[in-house]
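J.: First the structure, then my questions, so here it is.
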Amino acid sequence: MDLVQFCQKRGYSILEQYSSKKNRVALVADGNTHYVIKDFLSPEGFRAQHERQGLIMAHGTGARCPSVRGIHYHRILVLEHLPGENLADQPPQTWARMGPLLGEWFARLHAMVPASGTGVLLRGDCTLRNFLLLSDSSMAGVDFEEWTWGNPTRDIAETVASALTMQPSFTDEAIAMARSLYREYVRYRRDPGALHLQREVYEALERIAARRPAHTDTIRAGTHALMAKHLPFLR
């Protein structure tokens, strides 16, 4: 059963289908209530279950994210629809005020620790496109397919690296976002250390450079410029 057949069976009207490389994702309506349907195309059912588990844990921390309304056929998630604007679509001049929202969001999420006590809940895949600015001016994270347990600096560094490599890249606005995110985060959580976090950002930028062959030289040049100026956190 594919996504369209599932929606027909449930009586959902498909309002919009979203672009996704790995899954089929759609905004649907059930009367006046909207949901997001996520159909995992991979036959391995653990991917849907994995995201479901991550969303449930994240929701319990108070970090805004879609609540899970159902799972079907081991691969189709029915999720709460959170209407908002994609953070990646916000003008760069607004990014500095987005930083504190992200800092608080991560501080809430990272309060969740596993039974072993090693690491914290990481959302993974921390691109700006996986965050929404909601109508009440709060921040929400979506797409928890790659959540894991680990060091919180990885989430923060990946988010900062994503901002730095948006177009135009390596802007003062992205650096301002990084600093305001960091200042807000350490109000609630243990300070990971600016130097350590800075190194993690450089490593995250190198991973992005490796994934984007057409932009590798530009990203590496920007990274070296940051390193020479001890940015984004220390200078």
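We did not get these values from a lab; they are worked out from the coordinates using the rules stated. Quick caveat: nothing in here was measured; it's all calculated off a predicted structure. Heads up, the Cβs are rebuilt from the backbone with ideal geometry, glycines too, and the neighbour counts pull from every protein chain shown.
J.: Multiplying the sequence separation of HIS196 and GLN53 by 0.36 nm and subtracting their Cα-Cα distance, what value in nm do you get? Mind showing how you got there, number by number?
T.: Details: separation 143, 0.36 × 143 = 51.48 nm, distance 2.98 nm.
Fully extending the segment from HIS196 to GLN53 adds 48.5 nm.
J.: Is segment 1-127 rounded, prolate or oblate when judged by the Cα gyration tensor, a ≥ b ≥ c being the square roots of its eigenvalues, rounded requiring a/c under 1.5 and prolate requiring a/b larger than b/c?
T.: Details: a/c = 2.11, a/b = 1.34, b/c = 1.57.
Oblate, because a/c is 1.5 or more while a/b does not exceed b/c.
J.: Suppose every K and R has +1 on its Cβ and every D and E has -1 on its Cβ; what is the size of the dipole of segment 3-80 about the Cα centre, in Debye to the nearest 20?
T.: On the way: 11 positive and 6 negative charges, 31 e Å.
Taking the Cα centre of segment 3-80 as origin, the dipole is about 140 debye.
J.: If Lys and Arg each add +1 and Asp and Glu each add -1, what is the summed charge of the other residues whose beta carbon sits under 15 Å from the beta carbon of THR61? Could the numbers behind the result be given before it?
T.: Numbers: positive: ARG64, ARG108, ARG123, ARG189; negative: GLU104, ASP155.
Charge balance near THR61 sits at +2.
J.: On to the next question. Does segment 55-118 come out rounded, prolate or oblate by the C-alpha gyration tensor, with a ≥ b ≥ c the root eigenvalues, rounded set by a/c under 1.5 and, if not, prolate when a/b is larger than b/c and oblate if not? Before the final figure, lay out each step's value.
T.: Numbers: a/c = 3.08, a/b = 1.28, b/c = 2.40.
Oblate.
J.: For segment 143-154, in order, what is each residue's ³J(HN,Hα) by Karplus, 6.51 cos²θ - 1.76 cosθ + 1.60 with θ = phi - 60°, in whole Hz (x at glycine and Pro)?
T.: Once rounded to whole Hz, the list reads 6, 10, 4, 10, 4, 7, 9, x, 7, x, 4, 5.
J.: Then there's this: Sticking with the crude label model, points 7 Å out along Cα→Cβ, report the distance from GLU16 to HIS81 in nm, one decimal please.
T.: Between GLU16 and HIS81, the label points sit 0.9 nm apart.
J.: Taking the highest mean first, how do the peptides 155-163, 125-133 order by number of other beta carbon atoms within 10 angstrom per residue? Could the numbers behind the result be given before it?
T.: Values: 155-163: 26.1, 125-133: 20.0.
The densest-packed peptide leads the list: 155-163, 125-133.
J.: Then there is this: Which residue fluctuates most in the GNM of the chain (Cα springs below 10 Å): ALA204, ALA174, ALA115?
T.: Largest GNM mean-square fluctuation: ALA115.
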